[in-house]
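A.B. asks: Before we start, here is the structure in question, set down as structure tokens.
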Amino acid sequence: MLGVGRGGPLGPGASAAVDAGRPVGAGSAVAPAAPSAGAHRGFAGGPPEVARQRPASRSIGEREAWVALTAVEGLGPVTFGVLLRAFGSVAAVLAAAERPSGPKRLIAAAAGEGLRLTSDVAVAVGSARAASALLQSALGALGVTALIADDPAYPARLRAIELPPPVLFIRGDPDALSRERAVAVVGTRRPSDEGRRTATRLAEILAAAGATVVSGLAVGIDGAAHAGALRAEGTTVAVLGSGHGHLYPAVHARLAREIVEASGAVVSELPPDAAPTPAGFPRRNRIIAALGDATVVVEAGARSGALITSSWALEQGRAVFAVPGPIDRPQSLGCNRLLRSQAGEVRIVAGPDELLEDLGYGVPLAVRRRARDRSRSATPDPGAVLARLAPPEAAALRCLLGGPRTADVVAAASDLAPATVLAVLTRLEEQGLVLATLGRYRVTGPLEGARVTDVGALRGGGAAGTDP
């Protein structure tokens, strides 16, 4: 199996019992990282030496004990499970660790299952209960809810994997993690324009079909997937590779707020003060894969983290889909190789309708569109078309009534953000109002042949800036 520790995923052939080491590949030597003394995280600016001071501990319940133990740096889900089994409850683990012989007892319990627990981590466990009040205060300040694996609301999909996070730190609606339909959409941080549009379009279609779109909030394909789900007024879940107090990337702080406001969720298995590290992102990818019934890889380079997510999905028995791309495009290399090397397990995304059909999500969009078109008694006039659209869509269409334009020109003429324009144009394509040809967009369907004067003057100087 693929293990996971504080240092990230452990490759095939590595011991899953190693829980505090750096990432290792098949056949690599395992070298556990040794946290510094007083390894319990200092919350809300608390001093790092809090573990050595051992202030008087207050009484806490089992749920709070789970959260406190999870926050001990250097202690991951494997170690957590070992200690829980050895002492019967997490509260008992903390109580035992606070005794003079406690660290030795913890080290012996871990060794009994072939796990090396360093003395620094064992000592830090003894300070976890004392630091719990600061941790709870930090969670409250950030509006974060802690959900432990014993809670009935803990996502069943996540509980079913071999290494579920003991605690989930959630901002937003916890129910978003347990909807009937859920699909992960992932890819490179450096996508092509076509890849970004594809991710947005697929996410919109999946959200419209009632699926929660799960991704990692990263720039690139992840951000486009979240934005597409929001455009469809659907639900999306973002999984962080850091704590909520260090949301990464910071440029997506607004997107995170929009996800929460739309009844979605931003989730992490790390406590709020955990800073982003390179090892944290491969580790979080197992959660992205687990929260979806399937994973769709849109674009991925040869060493993209999205390929790690697909590996986790296959390991967890989830369906994996990949969007093929040009053989000379670096962003498509990972997807194309995935389709070649895992031909029996990874399915090709032949189109939006085919993806919905393969997922078992009912009638393909093309069939529904044809039925919708047949039900219309008359083709609406251009003014009526614009009247029923949201303002961003109407602004983009008014610009395109002046002639074919690139997305950049539409953005400049309509005062819309470039990312918004791509989502808007994708949505208009789905409604049969816009057609992309040679990198430019033109009106089609009921608006084809319409002139600017048919719907009034363009706003925001939309008639200007026609591409040569």
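A.B. asks: What number of residues in segment 201-257 are hydrophobic (A, V, I, L, M, F, W, C), open to solvent by less than 30 Å² (accessible area, probe 1.4 Å) and not in a helix (DSSP H, G or I)?
C.D. replies: Here is the first cut: in segment 201-257, the residues hydrophobic (A, V, I, L, M, F, W, C) are 202-203, 205-209, 211, 213-214, 217-219, 221, 224-225, 227, 229-230, 232, 237-240, 247, 250-251, 253, 255-256.
Still in the running and open to solvent by less than 30 Å² (accessible area, probe 1.4 Å): 202-203, 205-207, 209, 211, 213-214, 217-218, 221, 224-225, 229, 232, 237-240, 255-256.
Okay, now just the ones that are also not in a helix (DSSP H, G or I), so 209, 211, 213-214, 217-218, 232, 237-240.
The qualifying residues number 11.
A.B. asks: Now for a separate question. Here's a check for you: in segment 318-352, which residue that is outside any loop (DSSP other than H, G, I, E, B) and basic (Lys, Arg) is surrounded by the fewest Cβ atoms within 10 Å (Cβ to Cβ)? First the steps, then the outcome.
C.D. replies: Of all residues in segment 318-352, those outside any loop (DSSP other than H, G, I, E, B) come to 319-322, 330-341, 346-348, 352.
Then keep just the ones that are basic (Lys, Arg); that gives 337, 340, 347.
Details: Arg337: 14, Arg340: 11, Arg347: 19.
Step by step, filter segment 318-352, then rank; the result is Arg340.
A.B. asks: Right, here's the next one. So, in segment 177-206, exactly how many residues are small (Gly, Ala, Ser) and either farther than 13 Å from Val296 by Cβ or free of Cβ contacts under 8 Å to residues at least 24 places away in the same chain (or both)?
C.D. replies: In the first step, residues of segment 177-206 are kept if they are small (Gly, Ala, Ser); the result is 178, 182, 184, 187, 192, 195, 199, 203.
From the residues that got through so far, the ones that are either farther than 13 Å from Val296 by Cβ or free of Cβ contacts under 8 Å to residues at least 24 places away in the same chain (or both) too are 178, 192.
Qualifying residue count, segment 177-206: 2.
A.B. asks: May I pose another question? Looking at segment 171-200, which of its residues are buried (at least 24 other Cβ atoms within 10 Å of the Cβ) and in a helix (DSSP H, G or I)?
C.D. replies: Residues satisfying the conditions are Ala176, Leu177, Gly195, Arg196, Thr198, Ala199, Thr200.
A.B. asks: Being farther than 25 Å from Ala130 by Cβ, acidic (Asp, Glu) and either open to solvent by 60 Å² or more (accessible area, probe 1.4 Å) or modelled with pLDDT under 90 (or both), is that true of even one residue in segment 67-87?
C.D. replies: As a first pass, look at segment 67-87 and keep what is farther than 25 Å from Ala130 by Cβ: none.
Checking segment 67-87: not a single residue is farther than 25 Å from Ala130 by Cβ, acidic (Asp, Glu) and either open to solvent by 60 Å² or more (accessible area, probe 1.4 Å) or modelled with pLDDT under 90 (or both).
A.B. asks: Any idea which residue in segment 258-271 is farthest from the chain's Cα centre (by Cα), counting only those that are buried (at least 24 other Cβ atoms within 10 Å of the Cβ) and either within 26 Å of Val72 (Cβ to Cβ) or of a type in the set (Val, Ile, Thr) (or both)?
C.D. replies: Going residue by residue through segment 258-271, those that are buried (at least 24 other Cβ atoms within 10 Å of the Cβ) are 259, 264-271.
Right, trim to either within 26 Å of Val72 (Cβ to Cβ) or of a type in the set (Val, Ile, Thr) (or both) and you get 259, 265-271.
Values: Ile259: 11, Ala265: 10, Val266: 8, Val267: 8, Ser268: 10, Glu269: 12, Leu270: 14, Pro271: 17 Å.
Ranking the qualifying residues of segment 258-271, first place goes to Pro271.
A.B. asks: Return the pairs, sorted by first residue and then second, in which the second residue is open to solvent by 30 Å² or more (accessible area, probe 1.4 Å) and at pLDDT 90 or above, the first residue lies in segment 340-367 and is under 19 Å from Gly195 (Cβ atoms), the beta carbons are less than 8 Å apart, and the residues are 6+ apart or on different chains.
C.D. replies: Val346/Leu314; Val346/Leu339; Arg347/Ala319; Arg347/Asp358; Ile348/Pro324; Ile348/Leu339; Val349/Pro324; Pro352/Arg201
A.B. asks: Which one of these is within 22 Å of the chain's Cα centre (by Cα) and assigned to a strand (DSSP E or B): Leu168, Leu163, Leu139?
C.D. replies: Working: Leu163 fails: assigned to a strand (DSSP E or B); Leu139 fails: assigned to a strand (DSSP E or B).
Residue meeting the stated conditions: Leu168.
A.B. asks: Could you tell me which of the residues Ala110, Ala128 is touching a strand residue (DSSP E or B) at 6+ places or on another chain (Cβ under 7 Å) and surrounded by 22 or more Cβ atoms within 10 Å (Cβ to Cβ)?
C.D. replies: Details: Ala110 fails: touching a strand residue (DSSP E or B) at 6+ places or on another chain (Cβ under 7 Å).
Selected residue: Ala128, the only one of Ala110, Ala128 that is touching a strand residue (DSSP E or B) at 6+ places or on another chain (Cβ under 7 Å) and surrounded by 22 or more Cβ atoms within 10 Å (Cβ to Cβ).
A.B. asks: With the checklist (1) at pLDDT 95 or above; (2) in contact with a Lys or Arg (Cβ under 7 Å, 6 or more places away or on another chain); (3) open to solvent by 10 Å² or more (accessible area, probe 1.4 Å) in hand, flag the one item Leu94 doesn't pass.
C.D. replies: So the condition that Leu94 fails would be (3).
A.B. asks: For segment 142-160, how many residues are assigned to a loop (DSSP other than H, G, I, E, B) and either open to solvent by less than 20 Å² (accessible area, probe 1.4 Å) or on the phi < 0 side of the Ramachandran plot (or both)? If you could, list the steps in order and put the result at the bottom.
C.D. replies: So the first thing to find is which residues in segment 142-160 are assigned to a loop (DSSP other than H, G, I, E, B), and the list is 143-144, 149-155, 160.
Then keep just the ones that are either open to solvent by less than 20 Å² (accessible area, probe 1.4 Å) or on the phi < 0 side of the Ramachandran plot (or both); that gives 144, 149-155, 160.
Of the residues in that region, 9 qualify.
A.B. asks: Also, I was wondering about something else. Filter the helices (runs of 4 or more DSSP H) completely within segment 389-450 down to those with at least 2 residues that are over 29 Å from the mean Cα position of the chain (by Cα) and among the aromatic types (Phe, Trp, Tyr). Reasoning before the result, please.
C.D. replies: Numbers: elements: 391-400, 407-414, 418-430.
Per the criteria, no element qualifies.
A.B. asks: Criterion first (of a type outside the set (S, T, N, Q), in contact with a His (Cβ under 6 Å, 6 or more places away or on another chain) and either open to solvent by less than 10 Å² (accessible area, probe 1.4 Å) or in a helix (DSSP H, G or I) (or both)) does Pro282 satisfy it?
C.D. replies: Considered against the rule, which asks whether it is of a type outside the set (S, T, N, Q), in contact with a His (Cβ under 6 Å, 6 or more places away or on another chain) and either open to solvent by less than 10 Å² (accessible area, probe 1.4 Å) or in a helix (DSSP H, G or I) (or both), Pro282 comes out as no.
The values are calculated or read from the model by the stated rules, or taken from the named source; none is laboratory data. The shown structure was predicted, so the numbers you read here are calculated from the model rather than taken from an experiment. Ideal geometry is used to build each Cβ from the backbone, glycine not excepted, and the neighbour counts take in all protein chains shown. These accessible areas exclude ligands, DNA and RNA; they are computed on the full protein's heavy atoms, side chains included. Shrake-Rupley method; radii C 1.70, N 1.55, O 1.52, S 1.80 Å.
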